[in-house]
Amino acid sequence: MNNERTRLINTVCIVLCVLLAVILIYMICMDKRADKKQTAAIEESIVKAEAYETEQRDLKSKLTALQNSIYYSSDTAKIITGFVVSEVSDISYIKEKASAYGFSPVIVIDCTKEKDFIEQVVKASDRSWEIMLYTPTFSAEENEKVLSAISYLNSLGRDHCGIFLQRQDTCTAANLELFINDGFIGYTVYNDSPKSGQAQDGSVYFDYSYLTISGTAIASRLSALYRDKTSMIVALDMESINSGVLTENYTVSLLDSIKAHAENGDCTLAPVSAVVSELSKINMTEAERQAAFEKESKELQSRIDELDDIIHDIYNELESKQQ
């Protein structure tokens, strides 16, 4: 009797253990299945988010390209190589670099210098070189010096290139009006990303880099220039070169890089006159291109904003799934 009872209890225990094992195995399988399902859902969400992010990046690139189209561009970037002369002997250095790198330099002359200096620089320069006028600062009073320099150049049988090199802090509406009244057809402006074009009044403007110290700041601006195919004046300050602040190694490295890009077809070493001619042929004013940009960019920006919301929701959902 006791033996039968013991066997029955053992049988029941075995059955219960088997049932518990089956239940445990089932639960483990279900957990794994749920984990796989959740993992698959997370992976699917990540793929969707990445696709939306790729679309958003493409739209932002299109928007940037559209923004850049407001400004002048051509088949290749144009680089105008200028030298701000501080001594008459600088002309020998400029001739050496022009010969070595195959460009026609622009001689930038400070209008506040004495007439004797201006005359010697002009006579020492090759007649085919263009002359650009400049003042370290600009005001209505200094405009008299600009007019005097123009008159003196004319008396020497030379003329300036038509573009006034103004530093960033002189770019005011009043000064721009003076430049135009003085007979300049254009002027330089400083942009974070190199842009050149035609203003509403018909005058042209160039971006510029005025180099007085060695550094890498111009590298990113040149990359943008090559990418956007616009134009820029690179003005090297001879006083800084002579003092060693703008080192010879840096100058040579910069000119080597520009020459390499020119040989690669990324840019053209152009005279001011050639670039002015191209810019002057643009029929649509910048204001008209701006209006076209604003109209076309609305749809792009709307989709970019929509994608922001979609991507944000996806990542919020992912975060809740992973908790």
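Please treat every number below as a calculation from the coordinates, not as lab data. For clarity, every value in this text was computed on a predicted model and none was experimentally measured. Cβ sites come from the backbone with ideal geometry, for glycine too, and all protein chains shown count toward neighbours.
Data overview
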| read-out | value |
| --- | --- |
| In sequence order, calculated HN-Hα J values of the stretch 142-147 (Karplus, 6.51, -1.76, 1.60; Hz; x Gly/Pro) | 6, 4, 4, 5, 5, 4 |
| Other-chain or far-sequence residues with amide H under 5 Å of residue 112's (modelled H) | none |
| Net charge of neighbours whose Cβ lies under 12 Å from the Cβ of residue 133, counting Lys and Arg as +1 and Asp and Glu as -1 | -2 |
| Set of the stretch 199-242 residues, backbone N closer than 14 Å to the point 7 Å along the Cα-Cβ line of residue 181 | none |
| Entries in 60/295; 95/123; 78/295; 195/259 that, when Cα-Cα distance is taken, lie over 25 Å | 78/295 |
| Alpha carbon centroid spacing (whole Å) that separates the stretch 89-142 from the stretch 213-229 | 24 |
